[in-house]
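Reading through the structure tokens given below for one structure.
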Amino acid sequence: MGVQIRRTGVYVMGLIISANLAGCSAAQIHTEQAKQAPSQLSGITASIESGGSPTPTPTPATATAAEAEVKGLDTAIVETRHFYTGPPHSSPPAGDKIAYLTFDDGPSASTRKILHILKTFGATATFFVIGTETSEGKSLYREIAADGHALGNHTYSHDYNRIYKSPEAFMKDARKLDRLLEETVGYRPDILRFPGGSNNHLSWKSGGRGVMNKVAAAVREEGYQYFDWNVSSTDAAAPVQDRDMIIDSVLSASKGKKRVIVLMHDNTYKTTTVEALPVVLRKLKAAGFRFDKLQKTSFTFQFLEP
Ligand SMILES: [Zn+2]
């Protein structure tokens, strides 16, 4: 098992162990980002709350310290792990590079722009949506589905205090979105993304430190597969992230990987995500990736230990 630790940037806040896709026999430890200066990291609670990446954490000092307390690690490092839980990948061919673009928190005023760009590139993607009862919101659910993209459950309320109280509270909220989607598009998703990711610490406040493992177990028992990400666009690291930072983050984190699950956001105010998207699509394509939507049996990347 080759272990390689690389530290970059001013702060090293994410440590992701990514396993070899073929058999998970070899693991590499990558430190993922975070290149933002401390000043850029302040005041990002709102963007993290909206389903942000595991790195950077909303309050780096306390989060990393808390993580270290749990894991016994250097306070500069947050550890997350990957365990592949899906079926063997007999197809597509081993050389095939697949990018699963994922858009969290929609629908929003950006949804149609994202759909238009995806259509232009002939790319399918995954939208982890939240609940809205407006006719516009329901139209957008339908348009996402009609364009051939996957709809995933991102909970109805996206309210950390509500959903992470207990596994029961989480499932109640998730099922509410399922019912809405079934009424609107005719099916219930079997794929899910946890607000904040499966290793988020914001859940600790309402549900205690062990709550995410319990919630993840409940979600599996209910028949969902959940998906974190192995590439962050960093578009949640600032209210409006720099467009080039989004492009560079996706491209650099995708290097050397054959399967990437890219975290992006479908949010009215995240205009630079939309601006970056055509360039991201073009450059990933040039790097040999094709685009696909997530399904229950797709490659997954999960931060929590099973
Ligand atoms: Zn979210």
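Some observations on this one:
- Within segment 260-288, if we keep just the residues that are in a strand (DSSP E or B) and in contact with an Asp or Glu (Cβ under 9 Å, 6 or more places away or on another chain), the residue that is farthest from residue 128 (Cα to Cα) turns out to be 261.
- Condition check for residue 150: over 17 Å from residue 216 (Cα atoms), modelled with pLDDT of 95 or more and either surrounded by 21 or more Cβ atoms within 10 Å (Cβ to Cβ) or of a type in the set (Lys, Arg) (or both): yes
- Being in a helix (DSSP H, G or I) and either within 16 Å of the chain's Cα centre (by Cα) or closer than 19 Å to residue 280 by Cβ (or both) is a property that residue 117 has.
- Boolean, residue 216 is surrounded by fewer than 24 Cβ atoms within 10 Å (Cβ to Cβ) and within 14 Å of residue 304 (Cβ to Cβ): yes
- Residue selected from segment 110-136 under the condition among the polar types (S, T, N, Q) and within 16 Å of the ligand (Cβ to nearest atom), by the criterion nearest to residue 182 (Cα to Cα): 132
- Criterion applied to 175, 162, 179 was being surrounded by fewer than 17 Cβ atoms within 10 Å (Cβ to Cβ), part of a helix (DSSP H, G or I) and within 16 Å of the ligand (Cβ to nearest atom), and the one residue passing it is 162.
- Among the residues of segment 188-212, those that are over 15 Å from residue 128 (Cβ atoms) and not charged (D, E, K, R) comprise 199, 201, 202, 203, 204, 206, 207, 208, 210, 211, 212.
- Against the test of being within 14 Å of the ligand (Cβ to nearest atom), farther than 23 Å from residue 284 by Cβ and surrounded by 18 or more Cβ atoms within 10 Å (Cβ to Cβ), the options 189, 107 yield a single qualifying residue, 107.
- Subset of segment 233-256 [closer than 19 Å to residue 289 by Cα and either within 16 Å of the ligand (Cβ to nearest atom) or touching a Gly at 6+ places or on another chain (Cβ under 6 Å) (or both)]: 233
- First in segment 187-201 and assigned to a strand (DSSP E or B), second anywhere and among the aromatic types (Phe, Trp, Tyr) and more than 14 Å from the ligand (Cβ to nearest atom), Cβ under 6 Å, 6 or more apart: 192/224
- Of all residues in segment 257-279, those satisfying the criterion of being away from the ligand (no atom under 14 Å from the Cβ) and among the basic types (Lys, Arg) are 257, 258, 259.
- For segment 93-104, filtering for residues that are more than 16 Å from the ligand (Cβ to nearest atom) and either hydroxyl-bearing (Ser, Thr, Tyr) or part of a strand (DSSP E or B) (or both) leaves 4.
- Residues in segment 137-150 that are of a type outside the set (Gly, Ala, Ser) and in a loop (DSSP other than H, G, I, E, B) were compared, and the one that is nearest to the ligand (Cβ to nearest atom) is 149.
The values are calculated or read from the model by the stated rules, or taken from the named source; none is laboratory data. Model, not experiment: these values are computed from the prediction. As a convention, Cβ positions derive from the backbone with ideal geometry for all residues, glycine included, and neighbour counts pool all protein chains shown.
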